[in-house]
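**Student:** I'd like to ask you about the structure that follows.
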Amino acid sequence: MTLDAIKVRAQQFDRANRRTWALTGALFLLILIVEAWQVWRGNNILERTGDLLQIAALVYCAYQFRDYYAVEPKAATLGVTASVDFYRRQLARQHELASRPWRYLVAFVPGVTLSLFSRALDRPFAQNLAIAAFGVALFLGVAWVNMRTARKLRREVDSLG
């Protein structure tokens, strides 16, 4: 890979990261608003507790993510050699975050469980089983996507030497 190609990739990576985190921030804010509304308007104490736990999990994740996405100088303003180092550092930070999805996903398990199963006795067993299967599949799917992303990032870091 040429130095110019690395510089272009670093710039593209920087733009994609900014878009991703703008969307992620908006999604976090939307979920916080929805969960706060559910806590405010809910009448089932277990569901409200689950919503509060989900809010706590979101705040925890946002706090943890800030370390991985601290503002750094743009690659375009750096020299070519520094661009390679910048790109490698950014890829390594992304890889570290993506390679450990359970560290963040496990924070949501208690809140989601309480919210989904707060009315479990009011529903048929088959419906509760379907909800549980969907919840497990959702968590496993998110973990799989993160691990796939981590492998892709690792290959990219390795290609830089």
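**Student:** So if I average 1/r over every pair of distinct C-alpha atoms in the range 106-161 and take the inverse, what Kirkwood radius in Å does that give? Before the final figure, lay out the partial values.
**Tutor:** Working: mean 1/r = 0.0738 Å⁻¹.
That comes to 13.6 Å for the range 106-161.
**Student:** Count neighbours as other Cβ atoms within 10 Å of each site's Cβ, and list the trypsin sites (Lys or Arg not before Pro) in the range 114-161 that are DSSP loop with at most 15 such neighbours.
**Tutor:** Working: sites: R119, R148, R151, K152, R154, R155; in loops: R119.
The qualifying sites are R119.
**Student:** Would you please give the FRET efficiency between R154 and Y63, computed as 1/(1 + (r/R0)^6) with r the Cβ-Cβ distance and R0 = 30 Å, to the nearest 0.05?
**Tutor:** Details: r = 26 Å, r/R0 = 0.85.
Computed FRET efficiency for R154 and Y63: 0.70.
**Student:** Rank A137, A56, A36 by how far each Cα sits towards the positive end of the charge dipole of the chain (+1 on Lys, Arg Cβ; -1 on Asp, Glu Cβ) and give me just the farthest.
**Tutor:** Value: A137.
**Student:** Given the Cα atoms of the chain, and with Rh set as the inverse mean 1/r over their pairs in the Kirkwood sense, what is Rg to Rh to two decimals? Present the calculation step by step, with values, prior to reporting the outcome.
**Tutor:** Numbers: Rg = 19.9 Å, Rh = 18.0 Å.
When Rh is taken as the Kirkwood radius, the ratio is 1.10.
**Student:** About the Cα centre, and with charges only on the beta carbon of Lys, Arg (+1) and Asp, Glu (-1), how big is the dipole of the range 3-159? Nearest 20 debye, please.
**Tutor:** Details: 21 positive and 12 negative charges, 79 e Å.
Dipole magnitude for the range 3-159 comes out near 380 debye.
**Student:** Something else about it: Are there chymotrypsin sites (Phe, Trp or Tyr not before Pro) in the range 96-161 that DSSP marks as loop and that have at most 13 other Cβ atoms within 10 Å, and which are they?
**Tutor:** Details: sites: W102, Y104, F108, F117, F125, F134, F139, W144; in loops: none.
In loop regions of the range 96-161 (DSSP not H, G, I, E or B), there are no sparsely surrounded chymotrypsin sites (Phe, Trp or Tyr not before Pro).
**Student:** For a footprinting-style exposure proxy, rank Y63, Y87 by other Cβ within 10 Å, fewest first.
**Tutor:** Working: Y63 9, Y87 24.
By the 10 Å Cβ count, ascending: Y63, Y87.
**Student:** Then there's this: Rounded to the nearest 500 deg cm²/dmol, what is the calculated helix-only ellipticity per residue at 222 nm for the chain, with -39500 (n - 2.57) per DSSP H run of length n ≥ 4?
**Tutor:** Values: 6 runs with 130 residues, N = 161.
Helix contribution divided over all residues of the chain: -28000 deg cm²/dmol.
No lab work stands behind these numbers, since they all come straight from the coordinates. What you see is a predicted model; the values in this text were computed from it and never measured. FYI the Cβ positions are ideal-geometry reconstructions off the backbone, even for glycines, and counts take in every protein chain you see.
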